[in-house]
1. Need the full-extension length gain, L12 to D143, defined as separation in residues times 0.36 nm minus the C-alpha distance. One decimal, nm.
2. Within 10 Å, count the other beta carbons around each residue, average over each peptide in 59-66, 195-202, and list them highest first.
3. Could you list the residues of region 53-91 with an amide nitrogen less than 11 Å from a label point located 7 Å from the Cα of D5 in the Cα-to-C-beta direction?
4. In nm, what is the difference between 0.36 nm times the number of residues separating R197 and Q106 and their Cα-Cα distance?
5. Over 15 Å, how big is the tail of the calculated P(r) for region 100-139, in percent of all Cα pairs?
6. With all protein chains present and a 1.4 Å probe, how do V194, V90 order by accessible area, largest first?
7. At each listed q (0.16, 0.22 Å⁻¹), what is the log10 of I(q)/I(0) that the Debye formula gives for region 1-129 modelled as equal alpha-carbon point scatterers?
Amino acid sequence: MGHLDHAAYGRLTPALSHAMASVGAALGLRCTVRALAATGAARRNRLLTAASAIGTGIWTMHFVAMLGFHVTGTEIRHDVPLMTLLGLVVAVVVVGAGVLAVGYGQGRGSALAVGGLTTGLGVAGVHYLGMAALRLHGSVSHDAAAVALSVAVAAATAPLWAALHTRTPPAVATASLAMGAAVSSMHNTGMAAVAVRVVPSDRALPGATAMRFVFPLAVGLGSYLFLTAAFVALSPTAAGPAGAPSAPAATPAAAAR
């Protein structure tokens, strides 16, 4: 049994991972709120932007948190395609299904259920794909009870409920922090289920170290979040009192501006 350290850099990686999840959620939920007051192409585009922002935040949360994961007696490598490409696609696509359910659902109760379920499954999918991408000298196992707890998706419904019922920036910010906490808690619960059996070996491990992704991640994610933030800031807001829908746009092209 190898000694696991889930926070080798202290509170830095847990704090950064929660911040990344919250930032992605803030941008995504803000886009969702504006999408609910729009129609046609404008609604679709804002919902797709919301899905990409939330999905990217979830994926980045896992990646940053895993920077602090160390096991005594073995190096750790990551399968790059499995950890990066597939994990990011799963995050955006599955979360996108939840966001579209919220944006186009006819019944608020059913939209909440479908949106919360799919969002929770997206979080769990990214986490366990990331764990499957681990390469080390030995084997990784999971406690079944802790895994079952980690994939419980009820907590993911709270931010989506807020997106359905709130329009003010403070309320969306609160929902964003709630989603960040829910996503981080799911990751931490899943990591508590992990046990590693180390088998010493001189064999070179395939894959890449987590630190090799730090610079590309910082540049790529920072650019994406900047562009998304600019899109949200420059897009028109709903007219009228908080909670009231905006006046319909004259044409889909005008709504998209």
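1. Between L12 and D143, full extension yields an extra 44.5 nm.
2. Top of the packing list down: 59-66, 195-202.
3. Flagged as within label range: 68-73.
4. Length gained between R197 and Q106: 27.8 nm.
5. Cα-Cα pairs in region 100-139 separated by more than 15 Å: 54 percent.
6. Ranked list, largest accessible area first: V90, V194.
7. -0.79, -1.21
The values are calculated or read from the model by the stated rules, or taken from the named source; none is laboratory data. Since the structure is predicted, the reported quantities are computational estimates derived from the model, not experimental observations. Glycine also receives a Cβ, built like all others from the backbone with ideal geometry; neighbour counts cover every protein chain displayed. Calculation scope for accessible area: heavy atoms of the full protein, side chains included, ligands and nucleic acids excluded. Shrake-Rupley method; radii C 1.70, N 1.55, O 1.52, S 1.80 Å.
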